[in-house]
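Written below as structure tokens is the structure these notes are about.
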Amino acid sequence: MDKIRHGPPHKRPSNRAPSKPSKPALHSGVMHRKINVLFVSRRNTLRSIMAQACLTHIAEKRFHARSCGLPLRVGTAVDPAAVSALRTAGIPLPDIKPRSWNEFVPARGFEAEFVIALDADIERLQPAWPGQPHTALWAYPDTAAIADPEEAAHKALQTLYSMRRRLELLASLPLYGSDRESVRADIRDLGYMA
């Protein structure tokens, strides 16, 4: 005659230590790594510097941001309007100087997965980036060309707040495990936000 057990099954005490929470992984079982993002503007003195600083500020654990500009047009120092806007927003200024995209082509230790152009005029001039990254245009006005320092600082701050909204959405996208075309479309769509 079979014995019928009533109630919950008896649990034996375990001698094993509780398991540690698992680390985030890709669907393939590979560890998540930082995603390389390259921001491109004309002089790499204002828009791309602010985008790099902002993404690093809001999602440094997930993204590795860099910025560059058009060769022969790169500025010599970060624009004061960018410094002012970042300071006002409480975002640390990266300890870098403006640089050309020649530093990233061919890839020298940094191969971008996303290249985001912040200037419509240079989008068509960009080189063939190593690794065939996702590309997008997030066009912003050339604030560095404004002669009045107060107006430039005001416009830079407006640009920074707009960038921040886009970058927060970028940081929230499920970039791992998604198909390449969906990711590309999502990042391009962010360029149409106000």
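The values are calculated or read from the model by the stated rules, or taken from the named source; none is laboratory data. Given the structure is predicted, the values throughout are model-derived calculations rather than measurements. Don't worry about glycine lacking a Cβ; one is built from the backbone with ideal geometry, like all the others, and counts go over all protein chains shown. The area values use the complete protein model at the heavy-atom level, side chains included, leaving out ligands, DNA and RNA. Shrake-Rupley method; radii C 1.70, N 1.55, O 1.52, S 1.80 Å.
Data table
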item: Among the candidates 139, 82, 144, 77, residue that is within 25 Å of residue 34 (Cβ to Cβ) and among the small types (Gly, Ala, Ser); result: 82
item: Every residue from region 51-69 that is of a type in the set (A, V, I, L, M), surrounded by 20 or more Cβ atoms within 10 Å (Cβ to Cβ) and assigned to a helix (DSSP H, G or I); result: 51, 53, 55
item: Every residue from region 138-194 that is within 16 Å of residue 115 (Cα to Cα) and of a type in the set (Lys, Arg); result: 166, 180, 184, 188
item: Per-region count, region 81-97, residues among the hydrophobic types (A, V, I, L, M, F, W, C) and either more than 18 Å from the chain's Cα centre (by Cα) or modelled with pLDDT under 95 (or both); result: 5
item: Matching option when the condition is under 15 Å from the mean Cα position of the chain (by Cα), in contact (Cβ under 8 Å) with a residue 40 or more places away in the chain and within 15 Å of residue 46 (Cβ to Cβ), among 190, 160, 170; result: 160
item: Residue, nearest to residue 76 (Cα to Cα), within region 96-152, restricted to residues that are touching an Asp or Glu at 6+ places or on another chain (Cβ under 6 Å) and open to solvent by 40 Å² or more (accessible area, probe 1.4 Å); result: 137
item: Matching residues, region 180-194, being surrounded by 15 or more Cβ atoms within 10 Å (Cβ to Cβ) and modelled with pLDDT of 90 or more; result: 186, 187, 188, 190, 191
item: Enumeration of residues in region 70-95 that are in a loop (DSSP other than H, G, I, E, B), open to solvent by 40 Å² or more (accessible area, probe 1.4 Å) and of a type in the set (D, E, K, R); result: 73, 95
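Table: residues versus (1) in contact with a Gly (Cβ under 9 Å, 6 or more places away or on another chain); (2) touching a residue at least 24 places away in the same chain (Cβ under 8 Å); (3) closer than 19 Å to residue 175 by Cα.
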residue: 114; (1), (2), (3): no, yes, yes
residue: 123; (1), (2), (3): no, no, no
residue: 137; (1), (2), (3): yes, yes, yes
residue: 142; (1), (2), (3): no, yes, no
